[in-house]
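The values are calculated or read from the model by the stated rules, or taken from the named source; none is laboratory data. Please read all numbers here as calculations on a predicted model, not as lab measurements. Positions of Cβ are backbone-derived with ideal geometry, glycine not excepted, and every protein chain shown enters the neighbour counts. With ligands, DNA and RNA removed, areas are computed over all heavy atoms of the protein, side chains included. Shrake-Rupley method; radii C 1.70, N 1.55, O 1.52, S 1.80 Å.
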Amino acid sequence: MSEVLAAPALLDSARRLAAALAVLDARGQAAALLARVAADMGPGCFPLFIKLFCIVGESRDQAAKRQLARAMGDLLRAGATPAGPLNGWGEADAPGFTRGLFGAMGRRKLDPVAYLCAWYSQTTDRPQLDAATFERALTQCLAVMAADPQACALYRDKLLNDAATLPDGSVNEATRSRLRALALAWGVGLAPARVATLLLHPDRSPVPFEVVQQAIADAGVAP
């Protein structure tokens, strides 16, 4: 995402997080820890929280991925998914003296996957995410969630709902379309790396894009 996100200290933080999650067996303890980590980092450092996900996601530690996914699943059930503020496309493009008019609508809080999609797809107050970094980070986040089928299904449902309900001004149509395609492609069984490829290069997808379009039609969601 940037050089600061590749800082060696984050590797140690990710290892510590994985180790802590592994010993928290009581229901809800791991979720509470994950929520605390996100809160302690602060909203301005949400990309660092995403990077922790990415480090676990690219590791070979399946137990760590499963524990992290289960913690996210518990937070999804509670409606408390870690989220960070990212100004909407309207606010970012507006002159400085009018940005205050967008208020809370412009700085919508987005969960890790939605945050990545918006960061890549629209103008925000951060330097735009490049395609290679987006593809890699998305693959790693999805790899974590794929370690627990129930959590994975909950996240897919949330993304599909977000694609339909996030207010205008907080995300643009490109972000909305990617969230919708991501949720449905993931739901028809594509592996994380293939989902990321589909979002960037529909023509290179190992599953015809028509399959995803049919899934959209079957779900009753307007393309």
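Worth pointing out:
- Note on the stretch 162-176: residues that are assigned to a helix (DSSP H, G or I) and in contact (Cβ under 8 Å) with a residue 24 or more places away in the chain amount to 5.
- Within the stretch 185-196, the residues that satisfy the criterion of being within 23 Å of residue 166 (Cβ to Cβ), part of a helix (DSSP H, G or I) and open to solvent by 20 Å² or more (accessible area, probe 1.4 Å) are 187, 192.
Results for (1) touching a Pro at 6+ places or on another chain (Cβ under 7 Å); (2) farther than 22 Å from residue 48 by Cα, shown as yes or no for each residue.
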| residue | (1), (2) |
| --- | --- |
| 109 | yes, no |
| 115 | no, no |
| 121 | no, no |
| 126 | no, no |
| 144 | no, no |
| 168 | no, yes |
| 175 | no, no |
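- Within the stretch 45-68, restricting attention to residues that are among the hydrophobic types (A, V, I, L, M, F, W, C) and over 27 Å from residue 124 (Cβ atoms), the residue that is nearest to the chain's Cα centre (by Cα) is 64.
- Test: residue 118 is of a type outside the set (Ser, Thr, Tyr), open to solvent by 20 Å² or more (accessible area, probe 1.4 Å) and in contact with a helix residue (DSSP H, G or I) (Cβ under 7 Å, 6 or more places away or on another chain): no
Residue-by-condition table, conditions (1) buried (at least 22 other Cβ atoms within 10 Å of the Cβ); (2) at pLDDT below 90; (3) in a helix (DSSP H, G or I):
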residue	(1), (2), (3)
80	no, no, no
85	no, no, no
133	no, no, yes
142	yes, no, yes
151	yes, no, yes
157	no, no, yes
160	no, no, yes
183	yes, no, yes
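- Residue check for residue 40: open to solvent by 40 Å² or more (accessible area, probe 1.4 Å) and at pLDDT 85 or above: yes
- Taken over the stretch 122-131, the residue count meeting the criterion of being open to solvent by 50 Å² or more (accessible area, probe 1.4 Å) and either part of a helix (DSSP H, G or I) or not charged (D, E, K, R) (or both) is 3.
- Some residue of the stretch 93-105 being small (Gly, Ala, Ser) and either under 17 Å from residue 156 (Cβ atoms) or modelled with pLDDT of 95 or more (or both): no
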